[in-house]
Structures are given as structure tokens and as C-alpha cells.
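The values are calculated or read from the model by the stated rules, or taken from the named source; none is laboratory data. Keep in mind it's a predicted model, so treat the numbers as computed, not measured. Note: ideal-geometry Cβ built from the backbone for every residue, glycine included; neighbour counts use all protein chains shown. These accessible areas exclude ligands, DNA and RNA; they are computed on the full protein's heavy atoms, side chains included. Shrake-Rupley method; radii C 1.70, N 1.55, O 1.52, S 1.80 Å.
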Amino acid sequence: MFAVGVFLSLYLFLFLLNSLFPTQSDDLTADFGGLTGGISSYMNWNGRIGEIARVWFGGYLAHMQIFNFINAGIGVGVIYMFFVLMFGRLPKAGLSDSIIIFCILLLLMIYSAFGSIFYWAAGSFNYLWAYFVIFLYLIPYRIFWHNTLQNQPISNKSIESIKALSMFFLGVIAGWSSELNIITLFVFLASILVAWRKNIKLPLWYFTGGFGFFAGWLILYFSPGTAKRAELVKSFGLYFSLRDLWSMSLEEKIARIEYIFFIFPRRNIMYLGVTLMLASAIYTSQKFTHLKALVVWILSSVFIVMCCIFIHKFFMLIFGVIYCALLWWDCKRSEFKTEAKLFQALIYAFMIYIVYILATIQVEVPHRAQLQYTLINIVITTAFLVYFQTKFVLLYKFIGSGIVLATLIYGFHVAYECFIMNNKWQQMLGFIEGQKALGNQDIVLDYKYFKSGYRNYGDWGNPGDDPNKWPNNEYARYFGLRTLKVQ
């Protein structure tokens with residue numbers, strides 16, 4: 001019952017946010033585009049299946065109450081499926097798994113463009129729903145490896161052909177959902193190599209799912225709309241083709257990587273530094289006596305801080321991999337198995353972070369498209385929580401209580417700010433109607449109507465001071481005005 005209570009509470013919280021959220025930006029003027037509109041999007045603007053669905057029916061659905069029910073369910077599904085991907089099982093009744101769920105929600109609210117992903121229809125269809133499909137696709141692989149490594153029975157061969165066909169079609173949709181998740185294919189190929197080295201027989205669905213994902217990704221990557229959008233973004237100097245990147249000098253390539261790190265949140269590098277300092281504290285506490293451990297940890301922490309300040313951010317990630325690899329190697333040699341497992345998880349997390357960075361040097365990635373980095377931070381935090389639960393029970397209970405309390409407080413802040421924005425929006429609508437009643441068709445709105453006290457409220461285009469630019473002209477058309485601007 002405790003687990004059911006957490007599930008329902010999470011659903012009701014996300015439903016509340018979706019209900020309070022005022023319809024804005026792309027959602028405001030969205031209509032039912034039908035299949036023709038979806039095909040037009042694929043051919044002329046955005047090839048993602050999520051965007052096609054948004055243009056087809058999602059934008060129209062966003063104006064209905066049913067969207068709040070559905071979108072909240074998708075959000076809960078993403079959180080719970082990510083738990084399954086981390087642990088290879090569903091959450092159990094009890095405090096420990098609930099703490100992990102609270103932790104996932106807390107970091108999502110703090111680090112991701114939460115409003116743009118979880119209750120803005122244009123962002124939800126392109127990112128939240130995309131991750132829902134991708135996680136759903138990845139879960140069979142996660143369960144397969146969980147069962148295989150624990151020598152548990154895997155599948156019923158009588159339905160193997162049905163599973164193979166289902167995984168192929170699910171793979172197509174998952175691969176079609178996001179350009180950045182080409183990383184999934186790299187992990188897929190790596191898993192085949194591991195299976196070959198360990199003499200593990202892979203079922204047919206394993207391969208059909210991989211082929212399907214690759215086919216879906218090709219459908220997305222080579223869509224005419226994606227190509228046209230790339231050319232438009234390239235004209236702004238925000239996109240580089242593979243040929244452009246190849247022709248760059250080494251200095252230009254490094255400068256491009258540096259620019260990408262400038263775009264991405266600096267908080268992630270701070271998170272890396274804190275992670276390494278915490279890893280160092282765990283290592284020194286196991287290797288040395290109390291006084292010597294404190295001295296070594298202080299010296300190593302100073303070194304890590306200096307690296308964070310003076311080393312290029314990309315090389316700081318490489319340093320993190322090397323540093324954790326050294327800790328892992330020594331702990332494995334010293335038979336500190338729990339510590340070695342923790343450091344191994346950190347190595348994988350940092351390596352995936354590096355691969356994602358390298359995969360995005362072609363284009364400037366908006367904050368709403370950086371959910372993968374928040375998920376990596378969640379994996380890192382969860383690895384520490386599992387370690388503390390095993391080795392330091394009292395500390396784990398203290399940290400767990402803090403996570404639950406912080407989630408409740410911060411969740412109240414997010415909900416309250418949505419409530420405030422809802423009130424502002426209603427005031428704005430009343431002001432517009434009042435001005436129209438006076439015969440004023442050229443409206444000037446206060447900027448306060450679009451500004452929230454929650455920094456992750458929105459990552460979309462709001463009206464500005466030029467009435468002739470998007471989305472001012474769309475807002476004016478929607479409200480039946482001649483012009484609209486914000487100042």
C-alpha cells in the first residue's frame with residue numbers, strides 16, 4: 001500500500017501541474033492538423049514522430065482536460081520505467097525504493113527544463129513521450145541482462161516470433177523519437193560484443209529490436225524536414241554538418257567543444273566536482289586511519305577543486321573517468337567490492353556523459369533537450385544512495401529523510417508557482433478582454449505575465465517587444481488583436 005500511495009501521490013502532483021499550467025507558446029494556437037499536417041511536419045520542419053503526433057492531434061489535445069490525465073500518466077511512467085532501468089525490477093513497497101522515486105522527481109525538478117518537458121504539450125510530445133517509448137523499448141533488454149547474469153530463466157520460445165516482431169516495431173518508434181539517442185545503438189553494439197565474449201546466446205527479438213531502432217533513427221535523421229531545419233539553423237551558425245566538423249582545425253574542434261560546454265548548465269560540472277570529492281571521501285575512509293584519511297581527503301579535494309577551476313570542462317570529465325578508474329582498480333585489488341561497484345557505476349556514468357557531449361557538437365541543444373544529463377545525475381546520486389544504504393545505515397536514513405523533505409518542499413514551490421502563473425494568466429486574459437471592450441486592438445502586456453519564480457517553468461518562446469515577430473503575431477491572432485507586444 002505504501003508503494004501505491006507514492007505512485008498515486010506522484011500522479012496527482014503531475015496532474016495538478018498539468019491542470020494549473022496555462023496554455024502557452026506553440027500550444028496556444030495549435031489546431032488539429034490531421035495526418036496531412038503530420039506528413040507536412042515530416043517533410044518540411046521536424047521529422048520526430050513526437051512532433052508529427054503533436055501536429056497531428058497533440059496540440060489540439062492540449063486544450064482539453066483529458067490531456068492533463070494522459071500527460072501525468074506518461075510522466076509517472078517515465079519516472080517508474082527509469083527506476084526499472086536502473087534496478088532491473090519494479091519499485092517495492094517500503095521506504096528505500098520510495099526514496100529513490102522522490103530523488104528522481106527532485107532532480108528532475110531542479111536540473112531539467114521541467115515545465116517544458118512535463119506539462120507543455122509541444123515539449124512533452126517531443127521529449128517526455130519520446131523517453132516513455134525509449135524506456136519502454138529498453139526495459140526488455142535490461143530485464144534480459146538482469147536475468148542472464150543471475151542465471152534465471154529468460155523467455156518462452158513459443159512466442160519468440162511475436163516478441164521479435166513486437167520489438168522491431170517498438171524499436172522503429174523508439175529510434176524515430178530522438179536524434180540524440182543514437183547513443184542507444186552504441187550501447188546495443190557494445191552489449192552484443194559482451195555477449196559474444198561471454199558466450200551468451202541472444203534471442204531473435206534482441207536483434208530485431210536493434211534493427212528496428214536503427215531503422216527508426218534513419219527515418220528521423222534523413223527526413224526532409226530535418227534537413228530543411230538543419231539548413232535554417234546552419235544559416236544562424238548554430239549547426240555544423242559532419243563535413244564541416246571534419247574540415248575544422250584541431251583548435252576549432254576544441255573551441256566547438258568548449259562552446260557546447262558553455263551552452264550546457266555549469267551546474268553539471270559542479271555536480272561532477274562534488275561527486276569526485278565524495279568518491280574520494282569514501283575511498284580514503286576505507287584505505288586509511290581516521291586522521292590520515294582526513295588529511296588525504298582534504299588534499300585530494302583541493303586538487304579536484306583546482307581541476308574544476310582550471311581544467312577545460314571536457315577534459316575534466318575525462319579526468320573524472322581516469323580518477324574513478326584508479327579508485328576502482330585499487331578497491332578491486334584490495335577486495336573492497338562494494339566501493340569498487342560504486343566507482344564502476346561512476347565510470348560508466350561519466351563515459352556516457354562524454355559520448356552525449358560528443359554527439360551534440362553539431363548543433364546548439366536547448367535546455368529542454370538535455371534531459372539525458374539529468375538522468376545521468378540521477379544515476380550517480382542513486383549509486384551513492386545504494387552504497388550508503390549498504391555501508392552507513394544511519395547516514396542513509398538521514399540523507400533519505402532529507403531527500404523526501406526537500407522533494408516535498410520543492411514540489412510545493414513548483415506547484416505554488418504554477419498556481420501563481422495561472423492567476424497571472426487569468427488576470428492577463430481579463431486585461432485583454434477589457435482593452436478589446438474599449439476598442440483597443442494594439443495591446444501592450446506587462447512582462448510579469450510571462451515570468452515565473454520557478455526557473456525551470458518554461459523553455460519556450462514567449463512574446464517580446466516586436467509585434468511583428470513570432471510568437472507575438474500568433475498571440476495577437478489568437479486573442480483577436482491587431483498587434484500584441486510585451487515590455
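Accessible area of Ser166 (1.4 Å probe, protein heavy atoms only, ligands and nucleic acids ignored): about 60 Å². Determine the share of the stretch 1-81's accessible area contributed by carbon and sulfur atoms, expressed in whole percent, with a 1.4 angstrom probe. Heavy-atom surface of the stretch 1-81 belonging to carbon and sulfur, 1.4 Å probe: 74 percent.
Here, P(r) means the percent of Cα pairs in each 5 Å bin from 0 to the largest distance; for the stretch 14-131 it is 2, 12, 19, 21, 16, 13, 8, 5, 2, 1.
Projected over all directions and averaged, the alpha-carbon convex hull of the stretch 165-248 occupies 6.9 nm². Measuring with a 1.4 angstrom probe and ignoring ligands and nucleic acids, Phe168 comes out at about 70 Å² accessible. Here the Karplus relation 6.51 cos²θ - 1.76 cosθ + 1.60, evaluated at θ = phi - 60°, turns the backbone of the stretch 217-232 into coupling constants of 5, 5, 4, 6, 5, 9, 5, x, x, 4, 5, 5, 5, 4, 5, 5 Hz, with x for every Gly and Pro.
Residue-wise HN-Hα couplings along the stretch 65-73, as the Karplus relation 6.51 cos²θ - 1.76 cosθ + 1.60 with θ = phi - 60° gives them from phi, are 5, 4, 4, 4, 5, 5, 5, 4, x Hz; Gly and Pro carry x.
The calculated FRET efficiency for the pair Phe211 and Leu291, based on their C-beta separation and a Förster distance of 56 Å, comes to about 0.45. Remark: the chain carries 49 Å² of accessible area per residue (probe radius 1.4 Å; ligands, DNA and RNA excluded). Once both labels are positioned 7 Å from their Cα atoms along Cα-to-Cβ, the gap between Thr148 and Leu35 label points is 3.9 nm. Of all lysines in the structure, the ones whose alpha carbon falls short of 19 Å from that of Lys337, not counting any fewer than 8 places away in one chain, are Lys287, Lys391. Sequentially through the stretch 88-105, phi angles give Karplus couplings (6.51, -1.76, 1.60; θ = phi - 60°) of x, 7, 6, x, 9, 5, x, 6, 4, 5, 5, 4, 5, 4, 4, 5, 4, 5 Hz, Gly and Pro residues having no value and appearing as x.
Since only Val404, Val55, Asn151 are under comparison, the one whose Cα sits farthest along the positive direction of the charge dipole of the chain, derived from C-beta charges on Lys, Arg, Asp and Glu, is Asn151. Each residue, Leu8 and Met248, gets one label point 7 Å from its Cα in the Cβ direction; the gap between the two is 5.3 nm. Peptides 282-292, 49-59 ordered by packing proxy, namely the average of other Cβ atoms within 10 Å per residue, highest first: 49-59, 282-292.
Once backbone amide H atoms are built at 1.01 Å from N, Thr360 has no partners under 5 Å, excluding neighbours fewer than 5 places away on the same chain. Taking label positions 7 Å along the Cα-Cβ direction at both Arg256 and Ile420, the computed distance is 4.2 nm, reported to one decimal.
Counting only C-alpha contacts under 8 Å and six or more residues apart, can you give the relative contact order of the stretch 306-429 as a whole percent? Don't skip to the answer; put the middle values down first.
On the way: 52 pairs, mean separation 23.4, N = 124.
The value is 19 percent.
Based on C-alpha pairs under 8 angstrom that are at least 6 apart in sequence, the chain has a relative contact order of 19 percent. Under the convention that each Lys and Arg Cβ holds +1 and each Asp and Glu Cβ holds -1, the size of the dipole of the chain around its Cα centre is about 1260 debye. Using a Förster distance of 56 angstrom, determine the FRET efficiency expected from the C-beta separation of Ala227 and Phe398, and round it to 0.05. FRET efficiency, Ala227 to Phe398: 0.55.
Of the solvent-accessible surface of the stretch 293-411, computed with a 1.4 Å probe over protein heavy atoms with every protein chain present, carbon and sulfur atoms account for 77 percent. At the residue level, Glu251 shows approximately 130 square angstrom of accessible surface with a 1.4 angstrom probe and all protein chains present.
Taking 27 Å as the straight-line reach from the Cα of Lys253, the lysines in range (excluding those fewer than 8 positions away in the same chain) are Lys228, Lys234, Lys313.
Around the amide H of Leu445, modelled in the peptide plane, lie the amide H atoms of Lys485, Val486, Gln487, all under 5 Å away and 5 or more residues distant in sequence or on another chain.
Evaluated at q = 0.14, 0.19, 0.20, 0.26 Å⁻¹, the base-10 log of the normalised Debye intensity for the stretch 57-104, with identical point scatterers placed on the Cα atoms, takes the values -0.46, -0.66, -0.69, -0.89.
Each eigenvalue of the Cα gyration tensor of the chain, multiplied by 5 and square-rooted, gives one semi-axis; in descending order these are 40, 28, 25 Å.
Run lengths n ≥ 4 of DSSP H only: what is the helix-derived mean residue ellipticity at 222 nm for the chain, with -39500 (n - 2.57) per run over all residues, to the nearest 500? Helix-only estimate at 222 nm: -23500 deg cm²/dmol.
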